[in-house]
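Right, one structure below, let's go through it.
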Amino acid sequence: MTRFGIVGTSGHASRVAAPVLKRNPEVSLLGAAGSAPERSAQFAQQHGLARSYRDLEQMLGDRDIDAVWICSPNHLHAEQAVQCAAAGKHVLVEKPLATTRADAERAAQAANRAGITLRVGCQHRFRPAHRQIREWIASGLVGKLGYFRIHRFWRYPYFEDMDPSGPPQWRRSGSESGGWVINDIGSHLLDLLLWMSDLEGAVAGAVLAAQQFDLPTDDSTAVLLRLGETGIGIMETSCANDSPGSRIEIYGSRGWIRADDTLSGAATITTHEGRTLSFPPVQMLDTYSAEVADFVAAVGGEASIGADGAAGARLVGIIEAAVKGQS
């Protein structure tokens with residue numbers, strides 16, 4: 001049994017992390033640390049938890065805590081991960097691992113030195129359709145990969161408890177968020193692109209725009225990547241525009257793969273061979289449950305497909321380069 005604490009008491013922590021940990025029989029949730037003691041206490045009462053922590057430091061002093069799920073604002077992730085590693089606690093941190101590559105690498109190195117498991121919250125790796133695409137690419141189905149395009153729009157607000165006038169203040173700040181939609185949705189798409197293709201990526205160009213909300217951070221983004229030596233990657237995301245659904249397109253020297261709605265409903269994958277596979281819709285909490293199960297397996301020394309510290313740092317590096325390219 002892996003015993004968790006959560007950093008953060010609103011938004012993702014309450015909507016996702018607590019319900020997922022409470023439904024998983026392999027783990028237990030002891031308590032959470034919020035931005036103030038009263039927020040921690042309120043969270044504990046809301047979710048029926050036995051403990052409430054004044055702050056992260058007090059949580060890390062609890063010998064019963066084995067792992068920490070970090071659900072705080074982006075700019076706090078790296079330092080909190082370093083603190084958890086120093087205390088010998090395993091870390092599941094929401095993406096991004098940090099807002100700069102230097103901080104992300106510092107967190108990954110701290111985890112390695114401490115010998116603890118660090119995973120970054122890239123839960124969409126666990127969707128069956130995405131694992132199938134990765135297997136087909138690795139098998140050589142499309143030959144030498146030429147183009148990889150991934151597209152996902154999701155109009156804001158995503159959930160009923162979100163303020164329709166715009167995101168929280170920390171997402172409006174470039175220094176605290178590292179970019180709004182490029183991190184909120186785009187980080188998932190970039191992770192999938194790199195993970196499925198199994199190629200190194202480098203930013204060749206990017207456009208970050210505020211199309212609906214008059215904010216310093218982006219609500220619509222496109223990133224162009226060099227993949228390996230000759231491949232081309234394209235990522236498109238927006239929380240300001242409508243779209244019929246998500247799409248993934250892979251084109252190579254021997255054939256192609258096209259996938260629709262793998263991120264937004266009942267998924268269909270077709271290939272140049274005339275093969276078609278259909279997948280039922282995947283519930284949001286199920287992807288996180290699979291992520292937690294993978295994390296627990298990694299803590300136990302078993303095989304894991306979750307995003308480790310190195311993958312998290314590479315992802316932050318790409319996002320940082322895309323944002324700086326707009327500066």
Practice task
Please report the Cα spread of the stretch 146-291 along all three principal axes, rounded to whole Å, starting with the longest.
Solution key: 48, 35, 28
Completion exercise
accessible surface per residue for the stretch 255-327, probe 1.4 Å, DNA/RNA/ligands not counted, whole Å² -> 43 Å²
Problem - Charge dipole of the stretch 280-327 about the Cα centre (unit charges at C-beta), most positive-ward option of G325, G312, A293 - result: G325
Practice task
Using a 1.4 Å probe over the heavy atoms of the protein chains, calculate the carbon and sulfur portion of the accessible area of the chain as a whole percent.
Solution key: 47 percent
Problem - Accessible area per residue, Å², the stretch 91-249 with all protein chains present, probe 1.4 Å - result: 41 Å²
Exercise for the section: Provide the net charge surrounding R119, with neighbours chosen by a C-beta distance below 11 Å and charges set as Lys +1, Arg +1, Asp -1, Glu -1. Expected result: -2
Fill in the blank from the handout: Computed about the Cα centre, the charge dipole of the stretch 1-130 from +1 Lys/Arg and -1 Asp/Glu charges at the Cβ has a magnitude in debye, to the nearest 20, of 380 debye
Practice task
Identify which of R172, R54, R113 has the largest mean-square fluctuation in a Gaussian network model of the chain, with springs joining Cα atoms closer than 10 Å.
Solution key: R113
Handout entry: Rg [Å, one decimal], Dmax [Å, integer] - the stretch 225-272, C-alpha atoms
Key = 12.8, 36
Handout entry: Reciprocal of mean inverse Cα separation for the stretch 234-327 (Kirkwood radius, Å)
Key = 16.5 Å
Practice task
Report the local net charge at L97: Lys and Arg +1, Asp and Glu -1, summed over other residues whose C-beta lies under 14 Å from its C-beta.
Solution key: -2
Completion exercise
Checked against the positive end of the charge dipole of the stretch 138-191 (+1 on Cβ of Lys and Arg, -1 on Cβ of Asp and Glu, about the Cα centre), the farthest of W180, L145, Y156 is L145
Problem - Lys, Arg +1 and Asp, Glu -1 on Cβ, resulting dipole of the chain about Cα centre, debye, nearest 20 - result: 420 debye
Completion exercise
Heavy-atom accessible area of L190, protein chains in place, probe 1.4 angstrom, given in Å² to nearest 10, is 0 Å²
Practice task
State to the nearest 20 debye the size of the charge dipole of the stretch 221-283 about its Cα centre, where the only charges are +1 on K and R beta carbons and -1 on D and E beta carbons.
Solution key: 180 debye
Handout entry: Tilt relative to the chain, helix 284-299 - C-alpha long axis, 0 to 90 degrees, to 10
Key = 70 degrees
Problem - DSSP-loop GluC sites (Glu not before Pro) across the stretch 247-327, with at most 16 other Cβ within 10 angstrom - result: E273, E302
Exercise for the section: Please work out the C-alpha center-to-center distance from the stretch 273-326 to the stretch 153-168 and express it in whole Å. Expected result: 23 Å
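The values are calculated or read from the model by the stated rules, or taken from the named source; none is laboratory data. It should be emphasised that the depicted structure is a prediction, and the values quoted were computed from it without experimental measurement. Heads up, the Cβs are rebuilt from the backbone with ideal geometry, glycines too, and the neighbour counts pull from every protein chain shown. Each accessible area value is taken on the protein alone, full model and side chains, heavy atoms only, with ligands, DNA and RNA left out. Shrake-Rupley method; radii C 1.70, N 1.55, O 1.52, S 1.80 Å.
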